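K.L.:
This is the structure, below, for whatever I ask next.
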Amino acid sequence: MGLVSVLLISFCVLSISMIGTDNIVVGIPTTLDGPFKPVTVPLDKTFRGHAVDLPDTDPRVQRVVQGFEPEQISVSLSTTHDSVWISWITGDFQIGDRIKPLNPKTVASVVRYGRLRIPLIHKATGYSLVYNQLYPFVGLQNYTSGIIHHVRLTGLKPNTLYHYQCGDPSIPAMSSTYYFKTMPASGPKSYPSRIAIVGDLGLTYNTTSTVDHVIGNNPDLILLVGDVCYANLYLTNGTGADCYSCSFSQTPIHETYQPRWDYWGRYMQPVTSKIPIMVVEGNHEIEKQVENQTFVAYSSRFAFPSKESGSSSTFYYSFNAGGIHFIMLGGYIAYNKSAHQYKWLKKDLAKVDRKVTPWLVATWHPPWYSTYKAHYREAECMRTAMEDLLYQYGVDIIFNGHIHAYERSNRVYNYTLDPCGPVHITVGDGGNREKMAIAHADEPRNCPDPSTTPDEYMGGFCAFNFTSGPAAGKFCWDRQPDYSAYRESSFGHGIFEVKNETHALWTWHRNQDMYNSPGDQIYIVRQPERCPTEPKVSHKC
């Protein structure tokens, strides 16, 4: 046997030892190796980041279509692989003292689509709407949107590339031809290749770095876990500030500059017109206006599979992506046991067949397990209301945003290490307008006063001193908590890759690194034989 043959055999043996069944790479840690000793990565002072917004003069946010040609085109999923939503806007927004809303009935909502680029043999029609952002005060500029269209395509094949055009062929005003790929059919061995998880994205130069990194990782689906464009950090004349209440304390209502939504939609179109994006609301989407209306832009601009998943709200819904069942929950709508959201959640969980969708993933905006000083224990009321239910049904992973940093937990339940608890991952580091979170609540002089931590929007105060464990009698730990496995202040995004029924690879990418260089990486391993996937006790609504 020659030297070349020996080297080839050695290389093959090494390759087999590194990559096991179902592409499981040996050497990457797994949750079975945990719980892990808490790690805090020191702040990289060379990368503090500058929360500088893209200006309205940037060509990437300017309107480039004419008349009623479609813009801000996006794809989102329905509940199953055989259906998606196509959304777009026709006509330009208006802002000022005298605005005249467009009539949605004057432009049709049509999508032509097919598996071949030419001809597009299928046709679907949908509905359209216009929303307004109104202020009953002199000097504040009102806003009315272009015509927003939502069309649901049905009868689609799984894991298949489709081409489409959207618009109104009678004007004519149709878009160019775009494409998307459907999700795999639900099943225990059927998964999207990569799912990008981002939070608190915004429209800054940091955002552009995050989006470039996401594109470089070629995801099949994007989950945006709240805080989209930060339009509420502006006066209606477009003037912005890092701290709204500090700069504009005398304004009679918290203004919001709605054109930032249009800028965001234009900037994101090259991505969202091809890769489905699923969004859940964050606190920056509240956008209170006349008659106490809230979340109007969020609820109008995106299509949600609410009706298809049995929900009556755009704030919470569910869908399947291959063998994963995603539950999108609302942190800014009633979540107690008597609320519609809780009752819907209980029904949705009860319908999940873990033989078909072994993986159960939940997401909402404000995290339950974060050790940063910013928003510390702010969502405690939501946790106390819903944690038992999610634990009893064996939720595997929970994704959150809100905190402008990255943190991954050990498996945890009720602040206690638990091999059957979910892994909580905070990815509120997409590029936001408010800079990074740096201070930790467990550091000296950083523990907030408990009276400052109620849920500001939903009301209620549920965060008290710990009664047991290493932090007994205290509101904060005096060291990084045991449940916090890894934390780092940096901008980035995550990639979630389910390999089989029991193993999923989670990779967090920092913006300052090369595209293929992970900042944090771990296999999240399910143990269905050890951990329950059905409720231990029955819950009464």
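The values are calculated or read from the model by the stated rules, or taken from the named source; none is laboratory data. Computed from a prediction, not measured in an experiment: that's the story for all the values here. Cβ coordinates were reconstructed from backbone atoms using ideal geometry, including for glycine residues, and neighbour counts include every protein chain displayed. Areas reflect the complete protein model, heavy atoms only, side chains present, ligands, DNA and RNA absent. Shrake-Rupley method; radii C 1.70, N 1.55, O 1.52, S 1.80 Å.
K.L.:
Which whole-number percentage describes the relative contact order of the chain, with Cα contacts under 8 Å and a sequence gap of 6 or more? Walk me through the numbers on the way to the answer.
P.N.:
Working: 1310 pairs, mean separation 92.5, N = 541.
Relative CO of the chain lands at 17 percent.
K.L.:
Please give, to one decimal in nm, the separation of the simple spin-label points placed at THR177 and LEU134, each 7 Å out from Cα toward the Cβ.
P.N.:
4.4
K.L.:
In nanometres, what is the gap between the two model label sites at LEU161 and ALA185, each 7 Å from Cα along Cα-to-Cβ?
P.N.:
Between LEU161 and ALA185, the label points sit 2.2 nm apart.
K.L.:
Only residues of segment 391-415 count here: report those whose backbone N is under 13 Å from the spot 7 Å along Cα→Cβ of VAL39, or say none.
P.N.:
Under cut-off, by backbone N: 407-410.
K.L.:
Also: If I compute solvent accessible area with a 1.4 Å probe over the protein chains, what percent of it on the chain is carbon and sulfur?
P.N.:
Answer for the chain: carbon and sulfur cover 54 percent of the accessible area.
K.L.:
Then there is this: Quick one: work out the % antiparallel among DSSP beta bridges in segment 351-425, nearest 5.
P.N.:
Percent antiparallel among DSSP bridges in segment 351-425 is about 35.
K.L.:
With r defined as the distance between the Cβ atoms of ILE28 and LYS274 and R0 fixed at 41 Å, what FRET efficiency is calculated, to the nearest 0.05?
P.N.:
Calculated value: 0.90.
K.L.:
I've got another one for you. What helices in the chain pass both tests, a Cα length along the helix axis of 27 Å or more and a mean Kyte hydropathy of 0.5 or higher, using whole DSSP H runs? Can you show the working numbers first?
P.N.:
Numbers: long enough: none.
The answer is none, since no helix passes both cut-offs.
K.L.:
Please quote Rg/Rh for the chain to two decimal places, taking the Kirkwood radius as Rh and restricting both calculations to Cα atoms.
P.N.:
Working: Rg = 23.5 Å, Rh = 24.3 Å.
Rg/Rh: 0.97.
K.L.:
Per residue, how large is the accessible surface of the chain? Use a 1.4 angstrom probe and give square angstrom.
P.N.:
So the chain comes to 41 Å² accessible per residue, rounded to a whole number.
K.L.:
Counting only residues 5 or more places away or on other chains, whose amide H sits under 5 Å from the amide H of ALA321 once H atoms are built in the peptide plane?
P.N.:
Counting only residues 5 or more places away or on other chains, the set is PHE326.
K.L.:
Under 20 Å from the 7 Å Cα→Cβ point of ARG445, by amide nitrogen: which residues of segment 468-498?
P.N.:
The answer is 475-480, whose backbone nitrogens lie closer than 20 Å to the label point.
K.L.:
Let me ask something else about it. Calculate the spin-label point distance for ALA241 paired with GLU291, positioning each point 7 Å from the Cα along the beta-carbon direction, and give it in nanometres.
P.N.:
Here the answer is 2.9 nm between the modelled labels.
K.L.:
Something else now. Return the FRET efficiency for the residue pair LEU417, LEU389: r is the Cβ-Cβ distance, R0 is 30 Å, and the value is rounded to the nearest 0.05. Present the calculation step by step, with values, prior to reporting the outcome.
P.N.:
Values: r = 20 Å, r/R0 = 0.67.
Computed FRET efficiency for LEU417 and LEU389: 0.90.
K.L.:
Moving to a separate point now. Please work out the Cα center distance from segment 440-474 to segment 73-108, rounded to the nearest Å.
P.N.:
Taking the Cα centre of segment 73-108 as reference, the centre of segment 440-474 is 42 Å away.
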